[in-house]
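Okay, structure first, notes after.
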Amino acid sequence: MRSKIEEPERLEKFINSYSSYHSDSKAIVLRLVAQIGNVQQVATLTGVSERTIYDWIGDWNKKKRTGL
C-alpha cells in the first residue's frame with residue numbers, strides 16, 4: 001500500500017480549484033468535526049474558515065435534514 005502522494009503540487013492545485021462549499025465537501029468537513037471534535041483543527045486541515053464550519057454545523061442542526 002502506498003502512503004506517499006505523488007505530485008503534491010498537482011494535488012494542491014486540484015484542491016484549490018475545487019469548491020469547498022460543494023455539498024460533498026460540507027459533508028466531509030462535518031464528518032471530520034464529528035470525529036475530531038475540534039473545529040479549529042478541522043479548519044486548519046481543510047482550509048475552510050471556522051466561521052463557515054460553525055455556520056454549516058448550525059444549518060445542519062437547525063434543518064435536521066438528510067442532505068446538505
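The values are calculated or read from the model by the stated rules, or taken from the named source; none is laboratory data. Bear in mind that the values here come from a model prediction, so they are computed numbers and not experimental data. When we count neighbours, we look across all protein chains shown, and the Cβ atoms used for this are built from the backbone with ideal geometry, even at glycine. Each accessible area value is taken on the protein alone, full model and side chains, heavy atoms only, with ligands, DNA and RNA left out. Shrake-Rupley method; radii C 1.70, N 1.55, O 1.52, S 1.80 Å.
Using a 1.4 Å probe, how large is the accessible area of Arg51, given in Å² and rounded to the nearest 10?
Only protein atoms counted, so the area is about 140 Å².
Here are some values of semi-axes √(5λ) of the Cα gyration tensor in Å: (1) 40, 24, 8; (2) 15, 13, 10; (3) 25, 13, 12. Which one was computed from this structure?
(3)
Starting from the range 1-58, pick out the chymotrypsin sites (Phe, Trp or Tyr not before Pro) whose DSSP state is loop and whose Cβ has at most 15 other Cβ atoms within 10 Å. Before the final figure, lay out the partial values.
Working: sites: Phe14, Tyr18, Tyr21, Tyr54, Trp56; in loops: Tyr18, Tyr21.
Here the sparse-neighbourhood loop sites are Tyr18, Tyr21.
In whole percent, and with a 1.4 Å probe on the protein chains, what portion of the accessible area of the chain is carbon and sulfur? Don't jump to the answer; show the numbers that get you there.
Working: 3000 of 5800 Å².
For the chain, the apolar C and S fraction of the accessible surface comes to 52 percent.
Can you give the extra length, in nm with one decimal, that the chain gains between Thr44 and His22 once fully stretched, where that is 0.36 nm per residue apart less the Cα-Cα distance?
Details: separation 22, 0.36 × 22 = 7.92 nm, distance 1.81 nm.
In short, 6.1 nm is gained.
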